[in-house]
Amino acid sequence: MLQALAFLSIFLGIASPAVAAETVIRIRYATSSAMSLRGTSPLSWSKDTPLVRVAPDLFELRLKGAPAEVKPLLDGAWSLGANFRVTPEGTTELLPRFHTAKGRVVLFEPRFASRILENERPIWVYLPPSYDENPAARFPVLYMHDGQNVFESWLVDDSLDLLFGGDDPPREAIVVGVAHAGDARLSEYTPTPGENGGGRAALYLRFLRTELKPRIDSTFRTLPDAANTGLMGSSLGGLVSVFAAASEPAFWGFAGIVSPSIWWDRRSVLRLIPGLEHAEPRPLRLYVDSGDDGRADTERLATALEAAGYVLGGSLEYVYVAGDRHDEAAWSRRFPAAARFLLGPR
């Protein structure tokens, strides 16, 4: 009957009314309690709209029309933090928190041994606020070099707790602080031999990919695909991050390149950047910054990345902060903006 009416409408030149696409809101949260939403029209801020439990840890609401913002409630208790934005006529999955405001740092391994590098180092892991509260949630992972400094000098855990609980928060993520191996640091963070030695960065990246990452993925609830796997570092750690993005573009979804030592081996890493133009897949987001030290080199890097097809303000963020020195304090100050960009909106 419906097909006949549609044919008659076409035959008579009568336009069929447009069918509004559904907006689907899903909440992945392990609980036996009831879940509901409040929000902008067609929802209400003064009345609960119940969600339907479609799995033990999954709730769903289907709507004609789309609220711009919503806030989940668990047995009448509001979720913590900012409101959630909704994708009109699409599916939006929310990971709310109701009880936990801060993440925690654990010492994953005091002496993680590498057969590839023939040495060992401590590994620390930051678990975001939702990790313990919501066993249904999985998270992207950011691997950070010079792990000794990640939570002591950069205060990454404190910065992320503030970001995740603030306005317009990024996605929550697991951070793995990978300590450098002392005297081996220069060698492991440099892609080519220079005047002072070096050239083992490819082995260091292989250690991350084939020895450390499988252990992290098997121990914690990660999103293990390339789009949700990134790395970040400063100085020589920034150099090895550039090298990773350019030499293994299919493996890293995002990279934070902080005050990178581009000068190494007569800027040889810049010669790898044009290869990113035709790489598929390649990192989705690249963040580059510097203070006064190394500014000319980071500008060269940003220009090369633009030539390879990255877009400033889109897939590429380049930041120069006048007066910032090449030190841990400056990198700690710049970390929150870098993390917000790399992790993307919640």
Note on the stretch 35-81: alpha-carbon gyration tensor, axes a ≥ b ≥ c; rule is a/c under 1.5 for rounded, else prolate if a/b larger than b/c, else oblate; result oblate
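What does the highest-first list of 239-249, 297-307, 190-200 look like by mean Cβ count within 10 Å?
On the way: 239-249: 25.2, 297-307: 18.8, 190-200: 16.0.
Descending packing order for the listed peptides: 239-249, 297-307, 190-200.
How large is the charge dipole for the stretch 171-287, taken about the Cα centre, if only the Cβ atoms of Lys, Arg (+1) and Asp, Glu (-1) carry charge, to the nearest 20 debye? Could you put the intermediate results ahead of the total?
Values: 13 positive and 11 negative charges, 14 e Å.
So the magnitude is around 60 debye.
List, in the order given, every pair from Lys64/Lys102; Lys47/Lys102; Lys71/Lys102 whose Cα-Cα distance in the structure shown is over 31 Å. Walk me through the intermediate numbers first.
Values: Lys64/Lys102 36 Å; Lys47/Lys102 29 Å; Lys71/Lys102 19 Å.
Pairs exceeding the cut-off: Lys64/Lys102.
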Of all DSSP beta bridges in the chain, what percent run antiparallel (nearest 5)? 55 percent
Near the amide H of Arg104, under 5 Å away, which other amide H atoms are found, from residues 5 or more places off or on another chain, if H is placed in the peptide plane? Leu127
To the nearest 10 degrees, the tilt of helix 295-307 (Cα long axis) against the first principal axis of the alpha carbons of the chain is 50 degrees
Calculate, for the stretch 204-346, the solvent-accessible area per residue in square angstrom, rolling a 1.4 angstrom probe over the heavy atoms of the protein chains. 40 Å²
Among Leu162, Thr92, Pro135, flag the residue with its Cα farthest along the positive direction of the charge dipole of the stretch 66-176, charges on Cβ as +1 for Lys/Arg and -1 for Asp/Glu. Pro135
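Report the charge-dipole magnitude of the chain in Debye, nearest 20, computed about the Cα centre from +1 at each Lys and Arg Cβ and -1 at each Asp and Glu Cβ. It would help to have the intermediate numbers written out before the result.
Working: 36 positive and 41 negative charges, 155 e Å.
Dipole size: approximately 740 debye.
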Those trypsin sites (Lys or Arg not before Pro) from the stretch 99-152 that are DSSP loop and have at most 13 other Cβ neighbours within 10 Å turn out to be Lys102, Arg115
With a cut-off of 8 Å between alpha carbons and a minimum separation of six or more residues, what is the relative contact order of the chain in percent? 12 percent
Excluding ligands, DNA and RNA, the carbon-plus-sulfur percentage of the accessible area of the chain with a 1.4 Å probe reads 55 percent
Taking a crude spin-label model, label points 7 Å out from Cα along the C-beta direction, the Ser44 to His326 distance in nm is 6.2 nm
Whole-Å distance, taken between Cα centres, linking the stretch 155-182 and the stretch 244-268: 21 Å
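Can you give the % of DSSP beta bridges in the stretch 151-286 that are antiparallel, to the nearest 5? Don't jump to the answer; show the numbers that get you there.
On the way: 1 of 9 bridges.
Within the stretch 151-286, antiparallel bridges account for around 10 percent of the total.
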For peptides 157-164, 259-266, sequence by mean Cβ density within 10 Å, most packed first: 259-266, 157-164
If the reach is capped at under 14 angstrom between alpha carbons, list the aspartates and glutamates near Lys213, excluding any in the same chain fewer than eight residues apart. Glu109, Asp225
Full extension between Arg266 and Asp293 adds, at 0.36 nm per residue less the Cα distance, a length in nm of 8.1 nm
Kirkwood Rh over alpha-carbon pairs of the stretch 109-172 plugged into Stokes-Einstein at 4 °C, 1.567 mPa s gives a D in µm²/s of 95 µm²/s
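Where a ≥ b ≥ c are the square roots of the eigenvalues of the C-alpha gyration tensor, would you call the stretch 287-346 rounded, which needs a/c under 1.5, or, failing that, prolate if a/b is larger than b/c, or oblate? Each step should come with its number before you reach the end.
Values: a/c = 3.03, a/b = 1.15, b/c = 2.65.
Oblate is the answer for the stretch 287-346, as a/c is 1.5 or above yet b/c matches or exceeds a/b.
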Show that you can apply the helix-only estimate: for the chain, add -39,500 (n - 2.57) for every DSSP H stretch of four or more residues, divide by all residues, and state [θ] at 222 nm to the nearest 500. -7500 deg cm²/dmol
Residues of the stretch 70-160: accessible area per residue at 1.4 Å, in Å²? 44 Å²
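Could you give the dipole magnitude of the stretch 45-182 about its Cα centre, charging the beta-carbon of Lys and Arg +1 and that of Asp and Glu -1, in debye to the nearest 20? Display every interim value, and only then the final one.
Numbers: 14 positive and 20 negative charges, 74 e Å.
Roughly 360 debye for the stretch 45-182.
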Surface per residue (accessible, 1.4 Å probe) for the stretch 28-69, Å²: 53 Å²
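The values are calculated or read from the model by the stated rules, or taken from the named source; none is laboratory data. Treat the numbers as computed from the prediction; the structure is a model and nothing was measured. Because the Cβ atoms are built from the backbone with ideal geometry, glycine has one as well, and the counts that use them run over all protein chains shown. Remember, those area values only see protein heavy atoms, side chains included, never the ligands or the DNA or RNA. Shrake-Rupley method; radii C 1.70, N 1.55, O 1.52, S 1.80 Å.
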